[in-house]
Each structure stands twice: as C-alpha cells, then as structure tokens.
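First comes the structure, then the notes that go with it.
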Amino acid sequence: MVVTGVRWDESVGRKRNQGTVTIFNGKAAQIAEQQGARYNNNRARGIIMNYDDVATRRVVEMCYRTHKTMLNPIIDWTDEDVWEFIHTHNIPYCELYDTGCTRLGCVGCPMGGYAAQRRELTRWPQYRKLYVSAFDDMLAARRRDGKLNHSSLWQSGEGVMQWWTGYERKIDCAQIRIV
C-alpha cells in the first residue's frame, strides 16, 4: 500500500486532470482492462481511471500500472483544510510558513512562481551561487559532449540562471527538440 499526501489544490494541472494517466502503448491499456479497470478517454488521449472526477474519486484505489493499493486520504483537502487540521490538533509545522512562505520544497523552484523564486534566492543567496555553479558544470559537460554550440543563449551559468528565473525569457533553439 502506498499512502500519498497529494492534493488537487497543490497543482493547477493536478486539479484540471485529476488523476489522468496517459497510456503510451496498447499493452498498458490491455493490462488495465484485464485488471477490471473502468475508464473513459479524455481529450488528451489519456485515460481517466475509475471514472475519476471530484464526485467519484476514491480515497483508496488500485494502481493498474504498479498493482499497488493507493491511499489518498487528503486528495480533496484545500489549503484551508490543511491549516485547520494543523491548528485543531496542535501539530508542529515548519516556521518558514510563518514568514510568508506558502510552499516548501526546492529553494528557487520556478514552480512556486517567479516572484516567490526571486524572493527565496534573495533571502538565501548561497543557493543562487550554488545553482549558477551547477549550471556552469552542466554547460561544461555539454561542451565536452559537443551538445552546446556558440549560437546557444546559454554560454554561462549566469546566463542559464537568468533564463531559469524568468529575468530573460527567450527561446533557445538548442534547448528545444521538436519530435
């Protein structure tokens, strides 16, 4: 059994898709059907497992890919529900929430929004330095492997950092692969 702490409120995509699983080949769909899965197809050719919508999503489900039982006890909780539970039961929590953080994870993650990312990287500048250093290492490896050309916008770790933090949003054709 796998117990998750995922919530629809945590992600716009998760809320919109609510458990949509994309089947990449017929074998996965065939296995799901053999396991007795009931599903509908969505617009993106994914399958919506167990008639997955807000009204019928189950707290306990069977994952037809891994054959594990999934327990999603707080799947439909809002942020307010989480805080009410924490305060009602006097559960300790990270003090960073009291400083205005609404999401904890990787410092500087663009998934939290660019304003939050900039605020975090200003608050903890050593993380910014470490990111730039890691980006420099990535570029050095790409140069060694012949995967970085002189026309790339990414010529330095600082340049990658500018792109990643949204300060300079340009399309770099060397970073896009059309399949």
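Where a number appears in this text, it was derived from the coordinates with a stated rule and is not lab data. Since the structure is predicted, the reported quantities are computational estimates derived from the model, not experimental observations. As a convention, Cβ positions derive from the backbone with ideal geometry for all residues, glycine included, and neighbour counts pool all protein chains shown.
A few remarks follow.
- The HN-Hα couplings worked out from phi for the stretch 90-99 by the Karplus form 6.51 cos²θ - 1.76 cosθ + 1.60 (θ = phi - 60°) are 6, 8, x, 9, 5, 5, 4, 4, 6, 9 Hz, whole numbers, x standing for Gly and Pro.
- Amide H contacts of M62 (H built 1.01 Å from N, in plane; Pro and chain starts excluded): M70 sit under 5 Å, all sequence-distant by 5 or more or on other chains.
- Packing, as the average of other Cβ atoms within 10 Å across residues, places the peptides 69-78, 93-102, 120-129 in the order 69-78, 120-129, 93-102, highest first.
- Net lengthening on full extension, T122/T99 (0.36 nm per residue, minus Cα-Cα): 6.9 nm
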